[in-house]
Each structure stands twice: as structure tokens, then as C-alpha cells.
Amino acid sequence: MTRKEFKEMKDACSKLWAETAAIGRKPDWAAEYTCHCPACHIAKKAYQIGNNIGFMCNFCPVTRWRKVIIDPSNPINIATCLRLDSPYRKWVDGCKSIKHPVTISKMRWSWIPEYEKVVL
């Protein structure tokens, strides 16, 4: 993936969440992406290139969500976008306020070297 493609995916993610805020659900065109999300799509592709080392979410382009919560007392580790305090989780759990999709649409993305090997 080039940096131009990375920006295009970020723009697609922003558009997706702006539309979600307007219509109250993810738009149908989002189905082309893993989990209906351009960020998850990139993360999955980068994870597969790395021979499935770590967790898929360690490759998330959303800077704030790139870290997986590791809890040794809990065998089920969770992506940070699914934490209870996350705007995504609040939206998924039924709080259909437009503020959550708007927040997600504006989240910062950042590049990591693994993206150079990703083929979209």
C-alpha cells in the first residue's frame, strides 16, 4: 500500500462514519471491507503478511486503537475499539447518537512500516 492509498482508505473511513451519522447505520458500500471498516481491512491485511503474529488489531491504522488490551486474568483479549469507553462500542451497543460516528470519522490515523507490504 502506498501512502496515497493509505490516505484514500482514511478518507473512505471518514466518509463511512459521516454517512453512518446521517443514516443511523453503516452504508451498504462498506460491505467490501473487513468488518465493514477500512481500518479493520488494513489491519487484517497487515496481520496476514506478518504470519499472524500478535493480534490483528495491533496493525490498526487508528492510532488510538492500535493497541490490544492484554489481560492475563482473562483469556479473551479485546481490541481497544470494543472497550466499553470507546465511541464505536457505545454506537454498537445501541447509543445511536450521531456524536459517536462523528467522533470516529475524525480519529487520527498513523502509518506503520508494515503497511508498505499490504496489497489492497
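Worth pointing out:
- Reachable lysines from Lys44, criterion Cα separation under 25 angstrom, eight or more residues apart if same chain: Lys4, Lys7, Lys10, Lys15, Lys26, Lys67, Lys90, Lys106, Lys117
- Cut-off 15 Å between beta-carbons: net charge of the residues surrounding Asn51, Lys and Arg +1, Asp and Glu -1: +2
- Legend: ranking of residues Lys7, Lys15, Lys45 from fewest to most surrounding C-beta atoms inside 10 Å; resulting order Lys7, Lys15, Lys45.
- One Cα centroid belongs to the range 85-106, the other to the range 18-39; the line between them spans 13 Å.
- Span per principal axis, largest first, for the Cα atoms of the range 3-112 (Å): 38, 35, 22
- Placing +1 on each Lys and Arg Cβ and -1 on each Asp and Glu Cβ, with no other charges, gives the chain a dipole about its Cα centre of roughly 320 debye.
- Residues Lys4, Lys44 arranged by fewest to most Cβ contacts within 10 Å: Lys4, Lys44
- By the Cβ distance rule of under 4.7 Å, the chain has these cysteines without a partner: Cys13, Cys57, Cys60, Cys81, Cys95.
Read-outs: derived from the displayed coordinates by stated rules, not from any lab. Computed from a prediction, not measured in an experiment: that's the story for all the values here. Positions of Cβ are backbone-derived with ideal geometry, glycine not excepted, and every protein chain shown enters the neighbour counts.
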